[in-house]
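Novice: Submitted below is the structure of interest, expressed as structure tokens.
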């Protein structure tokens, strides 16, 4: 078991997976399709699975050997909870007090018993004698992309302060207890009603992102990569764009509107 | 979360600002003048060298709760000593876990709380005021003696003296819960603070024991997480990788693999070996929900 000894043969056999996590369609099930929608927050999630073209998997679900699943995971507290359902429409509930952000919801279809999976419709490499492969309990037969709380709701914090004049606002980096840095928009109480205005929020995002090039905590040039969760998340969300480390090319307005689109005016507003 | 237990709203912001006045993220790029930084550190170290109550008062000020309110933290069933803190041991680490987790007047500690720097700062205040962390507490929080420098004129300190003050301050702040602006990441609390490390180690060893259906004893699981390299490897791997090692079976599998290594080689794996074992479990079980696998299967994957 140690790195200094010979590696043992894996005790876990492989089986075809209907994988919806990558950009390519699953190669194991050429005609199979799996999609999943996940909605919710704060320990209450609704998960809708859709599967077609992979009768081997749906047969196992009907036989009770596989189930639709959604796992809630919190790396911060090492919390894991798996919800199982025979129905493609399911709910995932867990005690929010057991978690601290980020919480991941990982959907899929999982084998709940050791069984044989029919591979008659699977890719040719899986069509063995008898057209079945053994599947071990716990194996993901279909996998959806992990979902976590939307970055846009947590990168920018708002604080009401009493030291600013009515017309003033301020922004500063805000380090949390994990050592991650967010941005904190500080506004006077008189501006608080504007927090319900989408245009105000969009403008706040543009201003906040314009601040990134001068914020050390969002430095992307470190050899080891950034250790700031929010900087890494932002980098991933804005892939394809010039980032803030390139001051000349950094476009905070475009970045803000990619993260959170600027609302279009309603028709009656356009006329005025 | 900006607060916890009975601390006021905004306690984290206040405490975080204070932490940054005591130590810089990086000594070389510190923008605060050296004499000013040293003076702040002298003040902090002087409180810790004077008495438990003096340090508790400093922390209360930093937490913005100098009003004497209760921290709502359960007392320890026996005081900790410097020997305890510098030599992790099942006796006192279990005592600390049981003190925080047994029924009583204050809420039972959850992992969500125990993952917060603020929670351990609140524990520090409560236990300092109860006389459970030594009096004065300085020797329990750092091995570096800075006593001769605490009353010196900060303008006359040389670089080595300022370095000693800085090292001692960092040690103490780590012991009180951690310095997230210096060490970031999900596992910073579990590595920085001896008290937090004790609680988490016992909690994870208990989870591993129960996930092995009683085949692994608590003592065996605890022993596997005790070597600092194994603990660091486990927390670093488990608290990254999107939490894939969260199910208790993974902790049990890792403990079994560590124990097996120790039995075969008559020594605990070093940090690199332990990290490789944890990574192997993540990688080789990727096609599975590990919570449905037997811990022995996961141990074989290591």
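No lab work stands behind these numbers, since they all come straight from the coordinates. Just so it is clear, the structure is predicted and the values come from calculations on it, not from any experiment. As a convention, Cβ positions derive from the backbone with ideal geometry for all residues, glycine included, and neighbour counts pool all protein chains shown.
Novice: What angle do you read, to the nearest 10 degrees and between 0 and 90, between the alpha-carbon axis of helix B:271-284 and the longest principal axis of chain B?
Specialist: It works out to around 50 degrees.
Novice: Additional query: Mind checking the mean number of beta-carbon atoms from other chains within 10 Å of the Cβ atoms in A:69-76?
Specialist: 6
Novice: Could you work out [θ]222 nm for chain B from helices alone, using -39500 (n - 2.57) per DSSP H run of at least four and dividing by all its residues? Round to the nearest 500 deg cm²/dmol.
Specialist: Mean residue ellipticity at 222 nm (helix-derived): -18000 deg cm²/dmol.
Novice: Per residue, how big is the convex hull around the C-alpha atoms of segment B:215-301? Give it to me in cubic angstrom, could you?
Specialist: Each residue corresponds to 80 Å³ of Cα convex hull volume.
Novice: To continue, here is another question. Can you sort B:2, B:192, A:114 so the residue with the fewest Cβ neighbours within 10 Å comes first?
Specialist: Listing B:2, B:192, A:114 from fewest to most nearby Cβ atoms yields A:114, B:2, B:192.
Novice: Please order B:51, B:217 by the number of other Cβ within 10 Å, starting at the fewest.
Specialist: B:217, B:51
Novice: Provide the FRET efficiency to the nearest 0.05 for the residue B:25-residue A:120 pair, computing r from the beta carbons and using R0 = 51 Å.
Specialist: The value I calculate is 0.30.
Novice: Can you pull the mean other chain C-beta count within 10 Å for peptide B:169-180?
Specialist: 1
Novice: Now for a different question. Against the longest principal axis of chain B, how steep is helix B:90-101, in degrees 0 to 90 to the nearest 10, with axes from Cα atoms?
Specialist: Taking the Cα atoms of chain B, the angle to B:90-101 is about 80 degrees.
Novice: So how do A:172, A:260 line up by other beta-carbon neighbours within 10 Å, fewest first?
Specialist: In order of increasing Cβ crowding within 10 Å: A:172, A:260.
Novice: Right, another one. Report, in degrees rounded to the nearest 10, the 0 to 90 angle that the Cα long axis of helix B:117-129 makes with the longest principal axis of chain B.
Specialist: 60
Novice: Still on this structure, please answer the following. Any idea what log10 I(q)/I(0) is at q = 0.10, 0.14, 0.15 Å⁻¹ for segment B:11-179, Debye with uniform C-alpha scatterers and no solvent?
Specialist: The Debye formula, applied to the Cα set alone, gives -0.38, -0.73, -0.84.
Novice: Highest mean first, how do B:42-50, B:254-262 rank when packing is the count of other Cβ atoms within 10 Å averaged over residues?
Specialist: The densest-packed peptide leads the list: B:254-262, B:42-50.
Novice: Could you check the simple spin-label distance between residue B:67 and residue A:242, using points 7 Å along Cα→Cβ, in nm with one decimal?
Specialist: In this crude spin-label approximation the distance works out to 5.2 nm.
Novice: For residue A:203 and residue A:31, what does the FRET efficiency come to when R0 = 41 Å and r is the distance between their Cβ atoms, rounded to the nearest 0.05?
Specialist: For residue A:203 and residue A:31, the calculated efficiency is 0.30.
Novice: Simple spin-label model, 7 Å along Cα-to-Cβ: residue A:196 to residue B:286 in nm?
Specialist: If labels sit at residue A:196 and residue B:286, their model points lie 4.8 nm apart.
Novice: Quick check on the protein assembly as shown: take the gyration tensor over C-alpha atoms, sort the square-rooted eigenvalues as a ≥ b ≥ c, and tell me if it's rounded (a/c under 1.5), prolate or oblate.
Specialist: Oblate.
Novice: Further question: How much length is gained on full extension from residue A:95 to residue A:163, taking 0.36 nm per residue of separation minus their Cα-Cα distance?
Specialist: Net length gain for the segment: 20.7 nm.
Novice: Students often check this: by mean Cβ neighbours within 10 Å, which of B:173-180, A:120-127 ranks highest, and how do the rest follow?
Specialist: Going from most to least packed, we get B:173-180, A:120-127.
Novice: Ok, one more. How well do other chains shield peptide B:287-297, expressed as the mean number of their Cβ atoms within 10 Å of each residue Cβ?
Specialist: 6
Novice: If you don't mind, another one. Tell me, what is the percent relative contact order of chain B, built from C-alpha pairs under 8 Å that lie six or more residues apart?
Specialist: Dividing the mean separation by the residue count of chain B yields 16 percent.
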